[in-house]
Amino acid sequence: MILLIDSGNSRIKIGWSLNKNGCIHREPHVKIFDNLNIRSLGQWLSCLPKKPNHALGVNVAGKHRENVIENELNNINCKIEWIVAQTRTSILINEYKNPNQLGADRWAAMLGIVEKQKKIHPPLIVASFGTTTTIDIISPNNIFIGGIILPGSFMMRQSLTNGTANLPMSSGESIDLPLDTINSINSGVSSAQSGALARQCIITFKKYNEFPIIYVTGGLWLELEKETRQLINEIAFKSRSEKKTEIIYENRPVLDGLAIISRNYN
Ligand SMILES: Nc1ncnc2c1ncn2[C@@H]1O[C@H](COP(=O)(O)OP(=O)(O)O)[C@@H](O)[C@H]1O
Ligand SMILES: CC(C)(COP(=O)(O)O)[C@@H](O)C(=O)NCCC(=O)O
């Protein structure tokens with residue numbers, strides 16, 4: 001058993017891959033630990049019925065977090081290898097100016113998505129709505145050609161509260177014409193998030209003359225889903241895209257990417 005660890009800025013997601021009849025595949029179950037409750041990781045590891053041989057992980061939450069996870073794994077004699085973004089693999093090329101600077105979670109998620117594609121596919125967008133929002137574009141010939149980073153919707157709401165005297169912390173969906181503070185904030189945050197995705201779709205469409213398949217993930221997708229689907233459908237219609245827009249939710253693409261890498265470890 002190989003543990004697969006996605007250590008994000010808010011939560012740690014842990015999956016595992018198993019070798020079944022010589023074929024490595026990721027089990028669908030995932031264990032999630034909140035940043036504030038990281039010590040419970042040790043308890044969970046010590047109770048595992050089967051001890052992992054080793055672990056593969058991505059960590060974008062800093063060195064301290066890396067050390068804490070390593071210590072907990074050491075207690076059960078499990079070594080971890082931290083994955084960083086590569087210049088290329090057999091399925092994906094990374095055009096970041098400094099390829100290692102690309103977040104390892106973004107890289108792993110893109111690997112997970114590209115692996116699922118048929119040989120011929122439209123351009124792809126991989127959008128993650130977590131602590132931050134990242135929106136990455138992959139060409140039809142599997143080159144990561146660029147991406148954007150913006151504050152996640154929770155962080156946007158926090159910054160409005162922390163940076164002003166009058167704005168409260170809010171939660172909730174957007175409406176078209178807000179006439180009170182809470183709805184104005186909800187709609188502002190949601191339009192920034194869905195608008196960023198729409199912008200990247202338009203850029204992709206202009207470049208390839210084909211509408212991308214959009215893969216979405218992250219803990220905050222649900223609250224953005226309705227507004228985002230509406231907006232993307234509208235721009236697809238205006239772009240006269242022949243095919244129906246596809247927005248596909250992926251539960252754990254980062255762990256899928258790690259599972260692919262883990263095939264080299266057996
Ligand atoms: N059930 C949940 N538990 C914890 N956080 C959640 C939950 N649902 C949504 N969230 C939100 O999702 C965000 C974390 O999403 P996630 O994709 O795990 O991010 P990251 O990979 O950056 O840690 C947080 O901002 C949090 O507010
Ligand atoms: C952009 C990120 C902060 C996203 O982290 P997350 O919201 O998933 O916790 C992370 O991928 C990161 O630290 N990236 C390094 C910089 C870059 O990708 O260019």
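The values are calculated or read from the model by the stated rules, or taken from the named source; none is laboratory data. None of the values given here were measured: they were computed from a predicted structure. For neighbour counting, all protein chains shown are included, and Cβ atoms are generated from backbone atoms with ideal geometry for every residue, glycine included. For accessibility, only protein heavy atoms count, side chains too; no ligands or nucleic acids. Shrake-Rupley method; radii C 1.70, N 1.55, O 1.52, S 1.80 Å.
Condition (residue is within 30 Å of PRO151 (Cβ to Cβ), open to solvent by 30 Å² or more (accessible area, probe 1.4 Å) and more than 16 Å from ligand 2 (Cβ to nearest atom)) applied to region 8-17: is it met by at least one residue?
no
Could you check SER128 against (1) within 19 Å of TYR249 (Cα to Cα); (2) open to solvent by less than 30 Å² (accessible area, probe 1.4 Å) and say which number it fails?
(2)
Residue check: is GLU115 under 22 Å from LEU255 (Cα atoms) and open to solvent by 60 Å² or more (accessible area, probe 1.4 Å)? Step through it out loud before you land on a result.
Details: under 22 Å from LEU255 (Cα atoms): yes; open to solvent by 60 Å² or more (accessible area, probe 1.4 Å): yes.
For GLU115, the condition - under 22 Å from LEU255 (Cα atoms) and open to solvent by 60 Å² or more (accessible area, probe 1.4 Å) - is met.
Identify all residues within region 209-238 that are surrounded by 15 or more Cβ atoms within 10 Å (Cβ to Cβ), of a type in the set (Phe, Trp, Tyr) and farther than 23 Å from ASN251 by Cβ; write none if there are none.
Selection gives PHE211 alone.
Can you name the number of the only condition in (1) open to solvent by 20 Å² or more (accessible area, probe 1.4 Å); (2) away from ligand 2 (no atom under 16 Å from the Cβ); (3) of a type outside the set (A, V, I, L, M, F, W, C); (4) not in a helix (DSSP H, G or I) that SER170 fails?
All conditions are met except number (1).
Restricted to region 234-256, and to residues that are more than 30 Å from ILE2 (Cβ to Cβ) and under 22 Å from the mean Cα position of the chain (by Cα), which residue is nearest to ligand 1 (Cβ to nearest atom)?
Ranking the candidates gives ILE247 first.
Can you confirm whether region 246-260 contains a residue that is open to solvent by 40 Å² or more (accessible area, probe 1.4 Å), more than 24 Å from GLY112 (Cβ to Cβ) and in the same structural domain as THR133 (by TED's automatic domain parsing)?
The answer is no; no qualifying residue exists.
Are there any pairs with C-beta distances below 7 angstrom linking a residue in region 40-56 that is without any contact (Cβ under 8 Å) to a residue 24 or more places away in the chain to a residue that is open to solvent by less than 50 Å² (accessible area, probe 1.4 Å), with the two at least 6 apart or on different chains, and if so which?
If the second residue must be open to solvent by less than 50 Å² (accessible area, probe 1.4 Å), the pairs left are SER40/PHE33.
Could you figure out which of (1) among the hydrophobic types (A, V, I, L, M, F, W, C); (2) under 30 Å from ILE91 (Cα atoms); (3) part of a helix (DSSP H, G or I); (4) under 21 Å from the mean Cα position of the chain (by Cα) isn't true of LEU231?
(2)
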